Amino acid sequence: MIEKLIEQVESRFAELEREMSDPGVIADRQRYAEVGREYSRLEPVHALAIRYRVLGDDLEGARELIEEGVGDEDLKKVVRDAPAELETLAEEIRLAMVEGDPNDDKNVIVEIRAGTGGDEAAIFAGDLFKMLTRYAVERGFSTEILSQSVAEQGGFKEVTFEVGGNGAFSVFKYEGGTHRVQRVPETESQGRIHTSTATVAVLPEAEEVEVEIDPGDLQVDVYRSSGPGGQSVNTTDSAVRLTHLPTGIVVSMQDEKSQLQNREKAMRVLRARLYDRQLEEQQAAIASERKAQVGSGMRSEKIRTYNFPQGRVTDHRIKMTSHDLTGVLDGGLSGFTDALAAEEKRQLLEAQAG
């Protein structure tokens, strides 16, 4: 099984190397970019395959020499240790070759909403916004706020932003779900620990070709933007509300001064929500055939708890705890992302094997 997989890796990698130097491919920018992405994805797997081949040859050679009576300590060590190393490499290769989510390369639209907990929930939503945008910067992605509703005591009632860059969804999809915080609010005179929540929805950004929206299915309302307390901040009808009649999905935008810009942003969010709805329907249809993926974005799922009194963060999906609460809230999420990605691959591998 592993030999066949390694042969496939070697054959495909050699084919990609030829295509990377093919003048016809180089002249086609889109094709060259696609080949380049696949080459980059396969390169570390190919390196593992080479290590597997070399170690396998070393083991075979050592066994032959020992049978011939040349049994020094180094050869015995190879025979003793190599089988376990080969099995580890084989597992790494199998995991690396698990077919990834087709949306992994996409930009994402992230929606954070304050949940239970009143003012404290809104402040926590603001903390999550800072954490996720800092993490995006750390990973080399761009961020753009699409809409926001600021809470009076700080933080957000809700905030929607885009994370742009190749592979953004592969990183941020694990943040979808309910986040819970346990801490003493600054407004709490008794010093009691409160539990509050905020929900995060992570939507792969959809292109127009992926989600066709019939103009006849849209109700478009325009109105004046309003600031805190309801006062008008704009003398023109620049705010836009889109209602997708077949699904009842409503998207409102008022952050931009231009009605055209607000409409464009609203369409981006609407496309992402409709695409996410399609994906959820597809996943529901095949849920009985395979296990659910880690981080599938179920809104009701409590995925992580941030405990301030004990200075720890626990991810409930993989039972992983970090005692660097400050570092995590500053954007240090790589440890969680890596562990969740590994668990997702293991589950997919099991599903494929089953």
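Tabulated data
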read-out	value
Which listed residue, of 103, 107, is surrounded by fewer than 21 Cβ atoms within 10 Å (Cβ to Cβ), in contact with a helix residue (DSSP H, G or I) (Cβ under 7 Å, 6 or more places away or on another chain) and within 23 Å of residue 303 (Cα to Cα)	103
Residue match in the range 67-82 (condition: assigned to a helix (DSSP H, G or I) and either within 25 Å of residue 8 (Cα to Cα) or aromatic (Phe, Trp, Tyr) (or both))	yes
Residues satisfying the stated conditions in the range 113-171, i.e. more than 21 Å from the chain's Cα centre (by Cα) and in a loop (DSSP other than H, G, I, E, B)	115, 116, 117, 118, 151, 152, 153, 154, 155
Residue within the range 121-132 that is more than 18 Å from residue 313 (Cα to Cα) and crowded, with 16+ Cβ neighbours inside 10 Å present	yes
Qualifying residue in the range 275-289 (condition: modelled with pLDDT under 90, buried (at least 16 other Cβ atoms within 10 Å of the Cβ) and in contact with a strand residue (DSSP E or B) (Cβ under 6 Å, 6 or more places away or on another chain))	yes
Residues being more than 25 Å from residue 41 (Cα to Cα) and in a helix (DSSP H, G or I) - total across the range 83-112	2
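The values are calculated or read from the model by the stated rules, or taken from the named source; none is laboratory data. Since this is a predicted model, take the numbers as computed values, not measurements. Backbone-built Cβ (ideal geometry, glycine too); neighbour counts: all protein chains shown.
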